[in-house]
Amino acid sequence: MTKAELVAAMAKDADVTKAQAGRALASFAENVAKELKKSGRLGLVGFGTFSVVKRKARTGRNPQTGAKIQIKAKKVVKFKAGKGLADKV
């Protein structure tokens, strides 16, 4: 599903315009990002938990040349589905 398809589905389900659904989705994404930056964790009961984890620096390989490369440490977002979402899938 693309973002446009998700916005259309949200608009239909909530009986709002696509523009309103698009703004709601953008607001959701922005607020999730703000909370993850602030506290590093966001839990939505029945849906799942977003968290920030630190990935260590490591040695990798360039797939084209096979040469070793250093991959820097970085923070990544992790999502763990809640029971409600997992049961629906």
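Please treat every number below as a calculation from the coordinates, not as lab data. Computed from a predicted structure; not experimentally measured. As a convention, Cβ positions derive from the backbone with ideal geometry for all residues, glycine included, and neighbour counts pool all protein chains shown.
General observations
- The single condition from (1) over 21 Å from the mean Cα position of the chain (by Cα); (2) surrounded by 10 or more Cβ atoms within 10 Å (Cβ to Cβ); (3) β-branched (Val, Ile, Thr) that Thr59 fails is (2).
- Just one of (1) farther than 22 Å from Lys88 by Cα; (2) touching a helix residue (DSSP H, G or I) at 6+ places or on another chain (Cβ under 6 Å); (3) part of a helix (DSSP H, G or I) fails for Val52. It is (3).
- Considering the stretch 1-49, the residues that are assigned to a strand (DSSP E or B) and small (Gly, Ala, Ser) include one that is farthest from Gly84 (Cα to Cα), namely Gly43.
- Of the residues making up the stretch 64-81, one or more are assigned to a strand (DSSP E or B), touching a residue at least 40 places away in the same chain (Cβ under 8 Å) and of a type in the set (A, V, I, L, M, F, W, C).
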